[in-house]
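The values are calculated or read from the model by the stated rules, or taken from the named source; none is laboratory data. Keep in mind it's a predicted model, so treat the numbers as computed, not measured. Don't worry about glycine lacking a Cβ; one is built from the backbone with ideal geometry, like all the others, and counts go over all protein chains shown. Surface areas here come from the heavy atoms of the whole protein model, side chains and all, with no ligands, DNA or RNA. Shrake-Rupley method; radii C 1.70, N 1.55, O 1.52, S 1.80 Å.
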Amino acid sequence: AGHTQRRSTRMSLLIKNARHLEAPVDLLVRHGKIVTMTPAGHHTYDSREVFDARGLVLMPSCIDAHVHLREPGFEYKEDIASGLEAAARGGFGAVMCMANTKPVNDTASITRAMLDSARKSHPNGPRLHPIAAATVGLKGEEMAPLAELKEAGCVAVSNDGRPLDNAELVRRIMEYGADLNMVLIDHCEDPQLAKGWRMHEGVTSGLLGVKGQPAAGEANQAMRDIMLAEYLGVPVHIAHVSAALTVDCIAWGKARGVKVTAETCPHYLLLDETALEGYNTQAKVSPPLRTAADREALRRAVKNGTIDILATDHAPHAAHEKEGTLDDAMCGFTGLDLAVSLTWGLVAEGVLTEADVHRLWSRRPAEIFNLPCNGFTPGDPADFFLLDPDETWVPGPENLYSKSCNTPFLGQTLRGRVKHHWIDGMQLF
């Protein structure tokens, strides 16, 4: 899969006959900004370029607040060029990349190198927003130089997959980060309860004879974060929520006025622990897929806003790293290529509406992390894509743009596919 072909439409562009929130619309773009959206056929303006979008759904570009692009250090899994290509093709106008690179993104020079790589490979987007390491080397011992990282271009702070068990250190990161307008994105997992785990601790782990991780470990650390955020009066963001118990903790915090926000991923809304039957390494992920009851609780939570956003937790691995035993296989799924199609499947199922998709993938991530976002109002950045709601496709190595394709959805028939994408009024494909 080659790089996107870019064609400038920065002067003026009319997207006509698109479907937006169930209504036919025309969209006028000029100089990279939204000018106006009107009912289809009501426009009275000339445009240098006209694109007939009949039969396609018009969506704002998505923002992914949780991706792993692997550069520097693990380019054999993914690099910034391939990751941003997968993002563009998947409908993402901006991605926030985690710090678990080699070397770790705990110095300004690494942040700047990431941004340089993004500019060279994708000068017209998607936009890359690095996330600062919370601690030096992600070791959980001393706070990273957050002010330096912020100045270099980081937008948030996280220790990512290394859970922080020192509450005093978490407190200092939250306080200092808040002063810099950098929210702590916390991977909540009790390191003692989770030691040696391979999957969720429950019926399936018992049948397979595999060491599991209880949901209480995630909820335990989430509750600690929520109580610290309340005490300090600062925000905190709970990463990739997988359990109903964690949802209850977040709801409790929100009811008390705590500045807590949270994300989950499409796979937690679609799969459960039974996906690991037969020791299926492609279904091994952190946090693990939990019970069908957890999945249903997460569906309710994204619908009612207890969970604020969706994110992919795009975690590419080479094929050999997902083969072998459940003990040895690495955790994680690729997601940038597939997330919009998977989410559209939830719309088709009646779990979410089109408006929910805008909120979960675009508006709320922009609000939480202070990023630009297209709400289709005059002056907004012209970041949008067109989705064919009826096209069915089967993801495989030949049609995915990520370097890796470690996903349990490989070979499954998906409905809905991103067909065209514009960022700042520039057509990427």
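Taking Cα pairs under 8 Å and at least six residues apart, what relative contact order does the chain come out at, in percent?
Dividing the mean separation by the residue count of the chain yields 20 percent.
Using the Cβ atoms and a cut-off under 11 Å, what net charge is assigned to the surroundings of S121, where Lys and Arg are +1 and Asp and Glu are -1?
-2
If you project the alpha carbons of the range 63-192 onto their three principal axes, what span does each projection cover, largest first, in Å?
41, 31, 24
How large, in Å, is the range 207-257 by the Kirkwood hydrodynamic radius built from its alpha-carbon pairs?
Taking the inverse mean of 1/r over all distinct Cα pairs, the range 207-257 comes out at 11.9 Å.
Using packing as a proxy for protection, rank 279-291, 126-138 so that the peptide with the highest average count of other Cβ atoms within 10 Å comes first.
Highest to lowest by the protection proxy: 126-138, 279-291.
Tell me the mean residue ellipticity at 222 nm calculated for the chain from its helices only (DSSP H runs of n ≥ 4, each -39500 (n - 2.57), averaged over every residue, nearest 500).
Value at 222 nm, helices only, nearest 500: -8000 deg cm²/dmol.
Could you give me the radius of gyration and the Dmax of the chain, taking only the C-alpha atoms into account and expressing both in angstrom?
20.8, 68
Listed highest first by mean packing, meaning other Cβ atoms within 10 Å per residue, what order do 341-349, 54-62 come in?
54-62, 341-349
So what is log10(I(q)/I(0)) for the range 331-429 at q = 0.15, 0.18, 0.23 1/Å, when the Debye sum runs over its Cα atoms only?
So the normalised log intensities work out to -0.71, -1.00, -1.35.
Which value, in nm² and rounded to one decimal, describes the direction-averaged projected area of the C-alpha convex hull of the range 276-406?
Averaging across all directions leaves 9.8 nm² for the Cα convex hull.
If amide hydrogens are placed 1.01 Å from N in the peptide plane, which non-local residues have theirs closer than 5 Å to the one on H66?
When sequence neighbours closer than 5 places are left aside, the close amide H contacts are M96, T312, D313.
Would you list which lysines come within 17 Å of K102, measuring only between C-alpha atoms, while excluding same-chain residues fewer than 8 positions from it?
List returned: K77, K139.
Mind pulling up the Rg/Rh value for the range 133-233? Radius of gyration and Kirkwood radius, both on Cα.
1.06
Please list 3J(HN,Hα) in residue order for the range 227-238, calculated via the Karplus relation 6.51 cos²θ - 1.76 cosθ + 1.60 where θ = phi - 60°; whole Hz, with x for glycine and proline.
Karplus values, whole Hz, x for Gly and Pro: 5, 5, 4, 5, 4, 8, x, 10, x, 8, 10, 8.
Ordered by packing density, taken as the mean number of other Cβ atoms within 10 Å over each peptide's residues, highest first, how do 90-101, 227-238 rank?
90-101, 227-238
Rank A40, A239, A156 by mean-square fluctuation in a GNM of the chain with C-alpha springs under 10 angstrom and give only the top-ranked residue.
Answer for the Gaussian network model of the chain: A40.
Leaving ligands, DNA and RNA out of it, rank T36, T264 by accessible area with a 1.4 Å probe, largest first.
Ranked list, largest accessible area first: T36, T264.
Got a sec to turn the phi values of the range 361-370 into Karplus ³J(HN,Hα) couplings, 6.51 cos²θ - 1.76 cosθ + 1.60 with θ = phi - 60°, whole Hz, x for Gly and Pro?
With the stated coefficients, the range 361-370 comes to 9, 9, 5, 5, x, 5, 5, 5, 10, 6 Hz.
How large is the accessible surface per residue of the chain, computed with a 1.4 Å probe and reported in Å² as a whole number?
On a per-residue basis, 37 Å².
Tell me which residues come under 5 Å, amide H to amide H, from E71 once H is placed; ignore anything under 5 positions away on its chain.
When sequence neighbours closer than 5 places are left aside, the close amide H contacts are I80.
What residue among V418, G196, M227 has its Cα farthest toward the positive end of the dipole of the chain, where the charges are +1 on Lys, Arg and -1 on Asp, Glu, each on the Cβ?
Comparing the listed Cα positions along the dipole, V418 ranks first.
At a 1.4 Å probe, what is the % contribution of carbon and sulfur to the accessible area of the range 298-376?
Carbon and sulfur together cover 51 percent of it.
Can you pull the percent of the range 1-141's accessible area that's carbon plus sulfur, 1.4 Å probe, other chains left in place?
Carbon plus sulfur share of accessible area: 51 percent.
With axes computed from alpha carbons, what is the tilt in degrees of helix 80-89 against the longest principal axis of the chain, rounded to the nearest 10 within 0 to 90?
Helix 80-89 sits roughly 60 degrees off the main axis of the chain.
Where does each of D46, D248 land when they are ordered by accessible area, with a 1.4 Å probe and the largest first?
Heavy-atom accessible area, descending, gives D46, D248.
Could you size up the charge dipole of the range 141-217 around its Cα centre, putting +1 on the beta carbon of Lys and Arg and -1 on that of Asp and Glu, and report it in debye to the nearest 20?
In debye, rounded to 20, the range 141-217 gives about 400.
Please pull out the direction-averaged projected area of the range 268-335, using the convex hull of its alpha-carbon atoms, in nm² to one decimal place.
Averaging across all directions leaves 4.6 nm² for the Cα convex hull.
So what are the three principal axis dimensions of the range 213-355 from its Cα atoms, in whole Å, longest to shortest?
Each principal axis gives a Cα extent; for the range 213-355 these are 46, 34, 25 Å.
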